[in-house]
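Heads up, the thing below is written out as structure tokens.
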Amino acid sequence: MLAGKRILLIIGGGVAAFKSLDLIRRLRERGAEVTPVLTRAAEEFVTPLSVAALAARKVHRDLFDLTDEAEMGHIELSRAADLLVVAPATANLMGKMAAGLADDLASTLLMATDKRVLLAPAMNVRMWQHPATQRNLATLRGDGVRFAGPVDGAMACGEFGPGRLAEVPEILEAIAAALGEGPLAGRHVVVTSGPTHEPIDPVRYIANRSSGIQGTALARALAGLGARVTFVTGPATVPPPEGVQVIQVETARQMLEAVQGALPADAAVCAAAVGDWRAEAEAAQKIKKAGAVPQLALVENPDILASVARMEDGRPRLVIGFAAETENVTENARAKLARKGCDWIVANDVSASTGVMGGTENAVTLLTREGEETWPRVAKEEVGRRLAARIAVALA
Ligand code: C5P
């Protein structure tokens, strides 16, 4: 899927640099040409020889290498690529990029390019969380730089938290998305995610325990396969993915409006845990505790999934709902498929004992009109990838 694409891979100096060797292999397996650039610090972690051997190309290392300047200047080197990828991107490289410094080959290439840039950061958790790095991240995002990761995990330094290099498959997906490649290129998918907040008064609301992790993972995977994704999210606990159009909402009614505004689409996936009811009337002022206990009258919220699935004109070709159940999961989900008029239901058990709600793993059963299949319990990221792959097949 990356056949003929030219990737300029800048390898920064960090313990995770060794993973760039696998990245080079996987990129080449997919038909990409990889031109590697090593920073001085990176040479402490991987040898130019092993990088050159895997890339089957010369490794560029020095800004003032006169032969290179005669053959191919740094401007040309960065422009002959379809995409610049920095993996691992260190705090130092991010800082230089954000500040516009160009004092070595890597930073000069990043300044001289007119192509998209994708960073896969890797650093100690404290360095990642440092206000300077977070400031640089915001600056670089504002400059249009894309990011893959970092992810949470154990680090070589013994600490745990965000800062770990994204896994190679995730970096590959981000590369494909940045290149506008993949089986879903040219397709538009609307994804709802997260909980909704239904106001009672200016300070109180009705909510649920949805984290938005599954919807976010799915949107990320869809974008990774090249889809244009409109991500309509309630107040989730995880940040939205890279490379999607994000519409932030609070209530079910706002979510419905945003979804309708985002159509037409090839597919709609309703992964949000939409509040079924809202307070009949939102009090204009905070309800006082003094006096009688208030009686909350509830009214039903619009059903976003059903309204999209039952559209007469312009219905997305594929409409997918989720069914979070605590008992009789498959039977309830099958009934929901019919009731809502959608094409697929992704059913899961969210009983407290499963740890699914708010957790990072999910065990789902995919129900279609034709049949059903139960997937093993895996990370929500993986569920997202599998589902995205199925959607790509259905829309092919
Ligand atoms: O009816 P229930 O809430 O169990 O159905 C779950 C499915 O319906 C999910 O896909 C959810 O996103 C969607 N839904 C919706 N709007 C609602 C309620 C649920 O889109 N008001």
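The values are calculated or read from the model by the stated rules, or taken from the named source; none is laboratory data. Quick caveat, the model's predicted, so the values are computed rather than measured. We place every Cβ from the backbone using ideal geometry, glycine too, and count neighbours over all the protein chains shown. The area values use the complete protein model at the heavy-atom level, side chains included, leaving out ligands, DNA and RNA. Shrake-Rupley method; radii C 1.70, N 1.55, O 1.52, S 1.80 Å.
Going through region 331-355 one residue at a time, which ones are of a type in the set (D, E, K, R) and more than 19 Å from Ala267 (Cβ to Cβ)?
Hits for region 331-355 are Glu331, Arg334, Arg339, Asp349.
So, of the residues in region 314-333 that are of a type in the set (D, E, K, R) and at pLDDT below 95, which turns out to be nearest to the ligand (Cβ to nearest atom)?
By that ranking, first place goes to Glu325.
Exactly one condition in (1) crowded, with 20+ Cβ neighbours inside 10 Å; (2) at pLDDT below 95; (3) under 23 Å from the mean Cα position of the chain (by Cα); (4) of a type outside the set (A, V, I, L, M, F, W, C) is false for Arg30; which is it?
(1)
Quick one: Ala132 ticks every box in (1) open to solvent by 60 Å² or more (accessible area, probe 1.4 Å); (2) outside any loop (DSSP other than H, G, I, E, B); (3) not hydroxyl-bearing (Ser, Thr, Tyr) except a single one, so which number is it?
Ala132 satisfies all of (1) open to solvent by 60 Å² or more (accessible area, probe 1.4 Å); (2) outside any loop (DSSP other than H, G, I, E, B); (3) not hydroxyl-bearing (Ser, Thr, Tyr) except (1).
Listed here are the residues, each with its yes/no results for (1) in contact with a Phe, Trp or Tyr (Cβ under 8 Å, 6 or more places away or on another chain); (2) at pLDDT below 90; (3) not in a loop (DSSP other than H, G, I, E, B).
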{"site": "Phe18", "(1), (2), (3)": "yes, no, yes"}
{"site": "Ala52", "(1), (2), (3)": "no, no, yes"}
{"site": "Leu63", "(1), (2), (3)": "no, yes, no"}
{"site": "Leu84", "(1), (2), (3)": "no, no, yes"}
{"site": "Lys96", "(1), (2), (3)": "no, no, yes"}
{"site": "Ala106", "(1), (2), (3)": "no, no, yes"}
{"site": "Leu118", "(1), (2), (3)": "yes, no, yes"}
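Hey, does region 218-227 have a residue that's at pLDDT below 95, touching a His at 6+ places or on another chain (Cβ under 8 Å) and either surrounded by fewer than 21 Cβ atoms within 10 Å (Cβ to Cβ) or closer than 29 Å to Arg28 by Cα (or both)?
Yes.
Which of (1) over 28 Å from Gly186 (Cα atoms); (2) open to solvent by 70 Å² or more (accessible area, probe 1.4 Å); (3) touching a residue at least 24 places away in the same chain (Cβ under 8 Å); (4) outside any loop (DSSP other than H, G, I, E, B) is the odd one out, the single condition Glu331 does not satisfy?
Failing condition for Glu331: (3).
State yes or no: is Lys336 surrounded by 14 or more Cβ atoms within 10 Å (Cβ to Cβ), without any contact (Cβ under 8 Å) to a residue 40 or more places away in the chain and closer than 21 Å to Gln260 by Cα?
No: the conditions fail for Lys336.
Picking from Glu242, Glu257, which residue would you name as being more than 14 Å from the ligand (Cβ to nearest atom), open to solvent by 50 Å² or more (accessible area, probe 1.4 Å) and either in contact (Cβ under 8 Å) with a residue 12 or more places away in the chain or not in a strand (DSSP E or B) (or both)?
Of Glu242, Glu257, the one residue that is more than 14 Å from the ligand (Cβ to nearest atom), open to solvent by 50 Å² or more (accessible area, probe 1.4 Å) and either in contact (Cβ under 8 Å) with a residue 12 or more places away in the chain or not in a strand (DSSP E or B) (or both) is Glu242.
Given the criteria touching a residue at least 60 places away in the same chain (Cβ under 8 Å), among the basic types (Lys, Arg) and in the same structural domain as Arg220 (by TED's automatic domain parsing), does Arg278 qualify?
For Arg278, the condition - touching a residue at least 60 places away in the same chain (Cβ under 8 Å), among the basic types (Lys, Arg) and in the same structural domain as Arg220 (by TED's automatic domain parsing) - is met.
Among the residues of region 260-299, count how many are within 13 Å of the ligand (Cβ to nearest atom), more than 18 Å from Arg204 (Cα to Cα) and open to solvent by 50 Å² or more (accessible area, probe 1.4 Å).
1
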